[in-house]
Amino acid sequence: MKGEASMVTLTIDGRTVQAEEGAMVLDVATENGIFIPTLCAHESVTPYGACRLCLVEVKTANGRERLVTSCLYPVEEGLEVTTDSEKIIRNRQTIIDLLLARCPESTVIQDMARKLGVEESSYPLEDHGNCILCALCVRACQEVVGVSAISLVNRGVEREMAIPFFDDSTACIACGSCSYICPTNAISMEDSDGIRTIRMPNNVTEFEMVPCKVCGNYWMPQKQVEYISKTTGIEPEFFDTCTNCRD
Amino acid sequence: MTMEAEQVREKVGSILDKYERNEGMLVSILQDTQAALGYLAREALLEVSAGLEVPLSQVYSVATFFRAFSLKPRGRHLIDVCLGTACHVRGAVGILDAIERETEIKQGDTSEDMRFSLETVNCVGACALGPIVIIDGKYEGEMKIDKVKPLLASYE
């Protein structure tokens, strides 16, 4: 981009706000203290529009009205955004109702449903674990970590988050970013006795960790050490001492 | 049916060269690979991933997304049963049942003797001929349950 980004003026729930051209409605609303619920948006990765909870109504300057996912809708001059109309509340309830039917055990979904006014799902409950297929893990692994060890596989009702062939964790460096970023705790990570165990909806993988030569605590997965030294050129020996024991 | 890893690597290598190892041609490369091998062998996907420098997870994601791709070896003859709306109302489900009984395989599977693979499709654009079954690309229109047995018998 050349020079300063141009600014546009829009309204959100009747409030006039200024925003940089190209910014997404969700981010602009959040910056201005206007809450829009979402599960799959994260500042570290590109927006994806998977969870659909951030639906808002927009009316463009030439009068076109529609429902859009605010995480993927760029601001424009004269845009009128409504985040809490009757219609949006109804639509969000349907969405969270479906998510609750998919992941009835997820406390995150349960809490979100309650906040949106849905006490229990009106659909038959399913047993998919806690994964809502929002691909936050996939995006983090690709865009932040840079290894793309996981992806969404298959199609339609059979769509799942998985490692290649459901058994090949070669690319995974055991960093646990997928677990940290997962909004519904569908991926868990546990360190115990020098082994890091990452539990994904479709497989469990164990990774060896390296101990700190000072305190003896296992503090980092071996494969993560290898990956970081390969990409940064830092000697693997640098990771012999944990961050707590360094001067 | 399953090929030696070395052969797979060679075939995939020449397909990759044909597309100048352009990652944008991933789907075409997988299509050619499937045509050459009959299915997308695990070894082939590893080779495509390495050759294009595209993460294996992404190659696997694409390979599992399209119905046209099969990650399991396919039989000598591919049976596609149309379950589109028009064929469905004309009794396609009964035809599918009959074929499943006759071949002793379920949709999506391949018979142990590698004679047939059975799949379903949702409309092939020949609704006037429904219910329709396609074997090795040959369209068999106005299928009836009692036509299933003689039809399959003509494929060795």
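Derivation of every value follows stated rules applied to the coordinates shown; laboratory data play no part. This one's a predicted model, so the numbers in the text were calculated from it and none came from an experiment. Note that each Cβ is placed from the backbone with ideal geometry, even for glycine, and that neighbours are counted across all protein chains shown.
Averaging sequence separations of C-alpha pairs under 8 Å and six or more residues apart, then dividing by the length of segment A:92-133, give the relative contact order as a whole percent. 49 percent.
Helix A:86-102 and the longest principal axis of the Cα set of chain A meet at an angle near 30°. For segment A:107-247, the relative contact order works out to 16 percent when only alpha carbon pairs closer than 8 Å and six or more residues apart are counted.
Close amide H partners of B:HIS77, meaning residues 5 or more places away or on another chain with modelled amide H under 5 Å apart, are B:PHE116, B:SER117. Computed as a quarter of the hull surface, the mean projected area of the alpha carbon convex hull for segment A:178-247 stands at 5.6 nm².
Which percentage, to the nearest 5, of the DSSP beta bridges contained in segment A:1-104 is antiparallel?
Expressed as a percentage, antiparallel bridges in segment A:1-104 total about 90.
With a 10 Å cut-off around each Cβ of A:153-165, the average count of Cβ atoms from other chains is 4.
In terms of its C-alpha gyration tensor, segment B:18-57 comes out oblate, because a/c is 1.5 or above while a/b does not outweigh b/c.
Test of understanding: ordering B:ILE105, B:ILE99 by Cβ neighbours within 10 Å, fewest first, what list do you get?
Details: B:ILE105 19, B:ILE99 23.
Least to most surrounded, the residues fall as B:ILE105, B:ILE99.
For A:TYR48, no residue 5 or more places off, or on another chain, has a built amide H under 5 Å of its own.
Put the Cα centre of segment A:122-176 next to the Cα centre of segment A:191-237 and the gap is 21 Å. Charge tally for B:ILE79 (other residues, Cβ to Cβ under 9 Å; Lys, Arg +1; Asp, Glu -1): -3.
Of all beta bridges that DSSP places with both ends in segment B:1-139, some 50 percent have antiparallel geometry.
Enumerate by residue number the chymotrypsin sites (Phe, Trp or Tyr not before Pro) in segment B:18-94 meeting two conditions: DSSP loop (anything except H, G, I, E, B), and at most 16 other Cβ atoms within 10 Å of the site's Cβ. List each step's numbers first, then the result.
Values: sites: B:TYR19, B:TYR39, B:TYR60, B:PHE65, B:PHE66, B:PHE69; in loops: B:TYR19, B:TYR39, B:PHE66, B:PHE69.
Qualifying residues, ordered by number: B:TYR19, B:PHE66.
With R₀ fixed at 56 Å, the C-beta to C-beta distance from A:ASN217 to A:LYS59 puts the FRET efficiency at about 0.50.
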